Amino acid sequence: MLLVTWGTAIALVLEEILIVGQVLRGTTSHFNFSTPLNAVIWSAMGASILIVWLLSLLTAVLLLVQHLPNPALA
């Protein structure tokens, strides 16, 4: 579970850093392929969100298979 929490946190922080970096550069952050650097940043943003999505899916699976003593807690 530690991998899920830290992985999600790091991926989200990376996403925010990339977005703020694009704002500070005075350009758009999403769907920006105008230069090779912007394309790499956009690809990194997509990769970080993919990681967040996959870790969220893993979290859901872990919660579904969690055996709790009281069914009401599930």
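From Cα pairs below 8 angstrom and at least 6 apart in sequence, can you work out the relative contact order of the chain, rounded to a whole percent? Can you show the working numbers first?
Details: 40 pairs, mean separation 29.0, N = 74.
Relative contact order of the chain: 39 percent.
Taking only Cα atoms, what is the 0 to 90° angle, nearest 10, from helix 2-25's long axis to the longest principal axis of the chain?
The answer is roughly 20 degrees.
Note the full-extension length gain between V20 and Q66 as 0.36 nm times their separation in residues minus their Cα-Cα distance, in nm to one decimal. Intermediate results must be reported in sequence, preceding the final value.
Working: separation 46, 0.36 × 46 = 16.56 nm, distance 3.76 nm.
Value of the extension gain: 12.8 nm.
If you count only protein heavy atoms with a 1.4 Å probe, what accessible area per residue comes out for the range 4-74, rounded to a whole Å²?
On the way: 5110 Å² over 71 residues.
The answer is 72 Å² per residue.
Would you compute, from DSSP H runs of 4+ residues alone, the mean residue ellipticity of the chain at 222 nm, taking -39500 (n - 2.57) per run and dividing by the full residue count, rounded to the nearest 500? Please report the intermediate quantities before stating the final value.
On the way: 2 runs with 53 residues, N = 74.
Roughly -25500 deg cm²/dmol at 222 nm, from the helical runs in the chain.
To test your reading of the geometry: what angle, between 0 and 90 degrees and rounded to tens, separates the Cα axis of helix 36-64 from the longest principal axis of the chain?
10
Calculate what fraction, in whole %, of the accessible area of the chain sits on carbon and sulfur atoms when a 1.4 Å probe is rolled over the protein chains.
Working: 4280 of 5480 Å².
Carbon and sulfur atoms account for 78 percent of the accessible area of the chain.
Just checking my list [x] 16.9; [y] 13.4; [z] 14.1 against Kirkwood radius over Cα pairs in Å computed from this structure; which label fits?
Correct label, based on the coordinates given: [z].
The values are calculated or read from the model by the stated rules, or taken from the named source; none is laboratory data. Note that the coordinates shown come from a computational prediction; the quantities given were computed from them, not determined experimentally. Ligands, DNA and RNA are stripped out before the accessible areas are found, and what is left, the full protein with its side chains, is counted by its heavy atoms. Shrake-Rupley method; radii C 1.70, N 1.55, O 1.52, S 1.80 Å.
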